[in-house]
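First up is the structure itself, then whatever we jot down about it.
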Amino acid sequence: MTTAGTSTSGRTRTVTPKHDVVIRFAGDSGDGMQLTGAQFTAEAAIAGNDIATFPDYPAEIRAPAGTIHGVSGYQLNFSDHEVFTAGDEPSVLVVMNPAALKANIKDLAQNGILIVDTDSFTEQNLKKVKYEANPLEDGSLDKYQLFKIDITKLTTAALNDMGLSTKEATRCKNFFCLGLVSWLFHRPTEITIQHIEKKFKNKPGLAEANRRAFMAGYNYADTTELFAESYEVKSAPITAGTYRNITGNAATALGFVAAAQRAGRPLFLGSYPITPASDVLHELSKYKALDVVTYQAEDEIAGIGSAIGAAFGGAIGITTTSGPGLDLKAEALGLAAKVELPLVVADIQRAGPSTGLPTKTEQSDLLLAMFGRHGESPLPVIAAASPADCFMCAYTAVRIAVKYMTPVILLTDGYIANGSEPWKLPEVDQLPDITVKFATDAATYKPYSRDEKTLARPWAIPGTPGLEHRLGGLEGQNGSGNISSDPDNHELMTKLRAEKVQRIAQEIPPMRVMGPKSGDAIVVGWGSTFGPIHAAVKQLQKEGRSVAHSHISYINPLPSDLGDLLKNYKKVIIPEMNMGQLRMLIRANFLVDAIGINKMKGKPFTISELVTKISAIMDGRKLEAVQ
Amino acid sequence: MTTEATAAVKLTRKDFVTDQDVRWCPGCGDYAILSQVQRVLPELGVPREKIVFISGIGCSSRFPYYINTYGFHTIHGRAPTLASGLKISRPDLCVWIATGDGDGLSIGGNHLIHILRRNLNVQILLFNNRIYGLTKGQYSPTSEEGKITKSTPYGSPDHPFNPIGIALGAGATFVARSIDVENQHMPGVLLRAAQHKGASFVEVFQNCNIFNDGAFDYTTDKENKLDRQLRLENGKPMVFGKNNDKGIRMNSQMQAEVIEFKDGLSEKDCLIHDETNPAIAYMLSQMVAPKFPTPMGVFFAIQKTTYEEVATEQINTAKKTRPLTIEQLLKSGDVWTVK
């Protein structure tokens, strides 16, 4: 249904309602596309849409301008209903140069809106990305709604009396774009203007330039009748509450702070910068007023070593990293497992092996987290499903670490770490209890005595008179902890360490199933594949398929009801962004012939590819046939 | 060490002895070091429960098991990392690190230099026996060039590290040296190290009588040690020798040289030791036997802010100037309400 509205210029304007829109902004990494995307996301969130975002940026900070390597993108899905991913294919694509066009055009939906800064389509820039002819002129973009706009010229013209250099003025073109799309999607201008004023509070010149560029873009769209119609996405039915848009890394940081506050202990982060985990360090470094110490260590090993040292002293010790860093922390993790101190290691996974694709996502550290230590060194492993879910997972990781006196590995990945979604703020006093109780009684204290229910040993911290004791990596006697090479004791300790981790299963809520309780297939996922799997299974259910979705948050130990659940379906399908690591665990644990859907492209699954592949598996077709 | 002295009861050496059997080889220099440390600890006036010994891996790193304080025998080379986390989050504790030439200078070299440059208020005792003992006799980063060991049957091709030089280069604020057999000398150095506010680095020459016996005999030889050691005393001229008839002076090339007190040369021509002068400290670090007497004592001691002081101050300031509750933190940023 199309309605007529009135624009600010008084002209009649056609407004077409839409249920959802996927928009992607792409340009050179210096073009400010991340900022444009984030600001447009804020506009959508405040308008009440459900949202999910996916920033996609290169490994290079400023790759040579105009090259494919340097293209940075930000995708937003906003809708009037619940969304689970940042969207398969954009229906609107904004590109700032030929490289961004080349890198992104294959993703744009048929008849999608393509907004292009024509000023950057110079012969030189076209040559850089090997366009033989100008795609804006040769008809190759005919299947899209192409809008050619002199964005750079129009931006600098709008600012020409401000005394800015060409470079400074050109930089404001991202706000011109934001103005264009804000008009296109009927967004009020006030929110962005307020935001600009707040962001550039101390630089009034820049604030004015960006405000003008933004309004110039908005007014340009309005007065030139550039777009035949504009669109409106109504607010989504969202559970009542207070929300903020949050990335996974920010949510992880907040989860740690909340847990430490709840435990009444200081938080100590030992960390070495690594993509894509550094933002957790940046975030936590701001919260000193909440007893948060962030220690930028000399290397990954020092990161975890310092966290173990802090835990020995009674702090909530955590370390954050990505795959290569987890490799380096392995030995120290073994020590923490042996001395049974609480610790959380967050691994924000990225594509490997080696340096791999540092800014691209993958789920390929699962088996490393499970088994990547010498000796028998079992550790609990928890994985976050979405950006907002990182909060509870980080919180839970601390809760379990403290309750069971064990290191815990928290897995997230580049997709949810940088992606964002609305997060319903929790009430702190409603969060699960975290009680820290240090040993103080010298008469009864034994370093390795054990809690009956959890098998946790007591936490006795330096400064406690009479409890002086020595911890160490050498095998110790159960009870006293004294060095022991007694064969029976070693076997006992090996079993106790394993049993302790297994007992964490008593913390895990029953598996939730979306769909039939039994049927043709169940799709099981872990980590960041939650969104696309959930959306894909919903779609298949709408098509009448007998298929369910269940998600695993606790990977070690696995939920105790998982084995029985899987038996209720003819097929178990496990999509993963790896070669089948959870599948290997499921097969090994439950002797189930699970079938994998595996993607190793550094990109999350799209809903449509999962729909196609799950259908194929359910129909007994070979996956290769639907690649 | 600036930990509050609140010990109500006067402690003795015995209070620091554990019930664990000491398992070093009979005759190992580590016994002497352990005994000296246990002698010095009661002097500090720090309650036993506030003292923590942290070690890595190696013979020296068994140390914490034998001292009745809190202790942590960690992993190879990483003791400084655990000590850093502990000291930053618990500045009230008196933290010691026991390490060796392999643990501290080979696998853990990186952590050693960083804890020194950050100037955490800890004591680092580096037992230098110039050999790998626990793995049974390979050459270490302080083994002399050409050394024949199990892993270098044709002689080591490595140039050795100079531990004092490394500590100075890393920006250490307290650098000293002593010897396992000098039970009159070591306690003074240990006490100074413990009293220093900031990272104290003490190299202890330690004899491994199994794999590198006699490594320091030249320096410790009873007959000649006064001619072969230079005892450093702040503000005093650098004089040595059985008869106090030799000294160190700077020549016109600004290099140290040994002088004998004859032909009009005397103590007055000697360099005066100044613990706050980095040039002197560096010069001393380069004085190697047999050309020079081996300097013993405190090479360098200056004051700088410690890491944990600044870290604690930042937290206290943040709490005062920008107080924050967890509820406020969660609600920060662009928040909206859905009804």
Problem set entry | Fraction of antiparallel bridges per DSSP, the range A:3-233 only, in percent to nearest 5 | 55 percent
For this session: Could I have the simple spin-label model distance between A:Met579 and B:Ile272, label points 7 Å from Cα toward Cβ, reported in nm to one decimal?
Result: 7.2 nm
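With an 8 Å Cα cut-off and a minimum separation of 6 or more residues, compute the relative contact order for chain A in percent. Intermediate results must be reported in sequence, preceding the final value.
Working: 1374 pairs, mean separation 69.9, N = 627.
Relative contact order comes out at 11 percent.
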Exercise. With the Cα gyration tensor of the protein assembly as shown giving a ≥ b ≥ c as the square roots of its eigenvalues, does the rule (a/c under 1.5 for rounded; else a/b larger than b/c for prolate; else oblate) give rounded, prolate or oblate?
Worked result: prolate
Seminar exercise, completed: Per residue, accessible area of chain B with a 1.4 Å probe, heavy atoms of protein chains only, in Å², comes to 43 Å²
For this session: Identify all lysines with a Cα-Cα distance to B:Lys150 below 22 Å; exclude those on the same chain that are fewer than 8 residues away in sequence.
Result: B:Lys136
Exercise. In whole angstrom, how far apart do the alpha carbon centroids of the range A:366-442 and the range B:275-339 sit?
Worked result: 30 Å
Problem set entry | Centre separation in Å (Cα based) which lies between the range A:57-132 and the range B:195-238 | 68 Å
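Just to be sure I understand: of the beta bridges DSSP finds with both ends in chain A, what percent are antiparallel, rounded to 5? Present the calculation step by step, with values, prior to reporting the outcome.
Details: 32 of 86 bridges.
Percentage antiparallel, nearest 5: 35.
Hey, any idea what % of the protein assembly as shown's accessible area is carbon plus sulfur with a 1.4 Å probe? Before the final figure, lay out the partial values.
Details: 19720 of 38680 Å².
Percent of accessible area from carbon and sulfur atoms in the protein assembly as shown: 51.
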Problem set entry | A:Glu624-A:Lys106 FRET efficiency (beta carbon distance; Förster radius 22 Å; 0.05 resolution) | 0.50
Exercise. If we sort A:254-267, B:311-324 on the protection proxy, mean other Cβ atoms within 10 Å, highest first, what's the order?
Worked result: A:254-267, B:311-324
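Rounded, prolate or oblate: which fits the range B:51-114 when a ≥ b ≥ c are the square roots of the eigenvalues of the alpha-carbon gyration tensor, with rounded for a/c under 1.5 and prolate only if a/b beats b/c? Walk me through the numbers on the way to the answer.
On the way: a/c = 2.54, a/b = 1.21, b/c = 2.09.
The shape class here is oblate.
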Exercise. If the cut-off is 26 Å between C-alpha atoms, which lysines fall inside it for A:Lys599, apart from same-chain ones fewer than 8 positions away?
Worked result: A:Lys102, A:Lys106, A:Lys360, A:Lys538, A:Lys542, A:Lys567, A:Lys570, A:Lys571, A:Lys613, A:Lys622
Exercise. Which of the peptides A:141-154, A:376-389, B:147-160 is most tightly packed, and how do the rest follow, judged by the mean count of other Cβ atoms within 10 Å per residue?
Worked result: A:376-389, A:141-154, B:147-160
Exercise. Over all residues in A:466-477, what is the mean tally of Cβ atoms on other chains that come within 10 Å of each residue's Cβ?
Worked result: 6
Seminar exercise, completed: So for the range A:513-626, using the alpha carbon gyration tensor with a ≥ b ≥ c as root eigenvalues (a/c under 1.5 gives rounded; past that, a/b versus b/c decides prolate or oblate), I'd call it rounded
Exercise. Between A:Glu190 and A:Thr440, what length comes free when the chain is fully extended (0.36 nm per residue of separation minus the Cα-Cα distance, one decimal in nm)?
Worked result: 84.2 nm
Exercise. Once you average over the residues of A:282-291, how many Cβ atoms of partner chains fall within 10 Å of each Cβ?
Worked result: 5
For this session: Quote the accessible area belonging to A:Asp107 in square angstrom, nearest 10, computed with a 1.4 Å probe and with ligands, DNA and RNA left uncounted.
Result: 40 Å²
For this session: Give me the accessible area per residue for the range A:513-626, probe 1.4 Å, as a whole number in Å².
Result: 41 Å²
Seminar exercise, completed: The answer for the range A:240-507, accessible area per residue at 1.4 Å probe in Å², is 31 Å²
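Could you tell me the relative contact order of the range A:240-507? Use alpha-carbon pairs under 8 Å, at least six residues apart, and round to a whole percent.
On the way: 582 pairs, mean separation 56.8, N = 268.
Reported as a whole number, the value is 21 percent.
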Problem set entry | Summed buried accessible surface, chains B and A, 1.4 Å probe, nearest 100 Å² | 5200 Å²
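I'd like to compare A:565-578, B:114-127, B:290-303: which one has the highest average count of other Cβ atoms within 10 Å, and what's the full order after that?
On the way: A:565-578: 21.1, B:114-127: 24.5, B:290-303: 19.5.
Packing order, densest peptide first, comes out as B:114-127, A:565-578, B:290-303.
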Exercise. Within straight cross-link reach of A:Lys453, meaning Cα distance under 23 Å, which lysines are found once same-chain residues fewer than 8 apart are removed?
Worked result: A:Lys338, A:Lys403, A:Lys437, A:Lys495, A:Lys500
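Shielding by partners for B:304-314, please: the mean number of other protein chain Cβ atoms within 10 Å of each residue's Cβ.
Working: counts 0, 0, 0, 1, 1, 0, 0, 4, 1, 0, 4.
So the per-residue partner count for this stretch is 1.
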For this session: Would you work out the relative contact order for chain B, in percent, from Cα pairs under 8 angstrom that are 6 or more residues apart?
Result: 15 percent
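The values are calculated or read from the model by the stated rules, or taken from the named source; none is laboratory data. Computed from a predicted structure; not experimentally measured. So basically every Cβ, Gly included, is an ideal-geometry build from the backbone, and we count neighbours across all protein chains shown. Side chains are part of the model used for accessible areas, which takes the heavy atoms of the whole protein and leaves out ligands, DNA and RNA. Shrake-Rupley method; radii C 1.70, N 1.55, O 1.52, S 1.80 Å.
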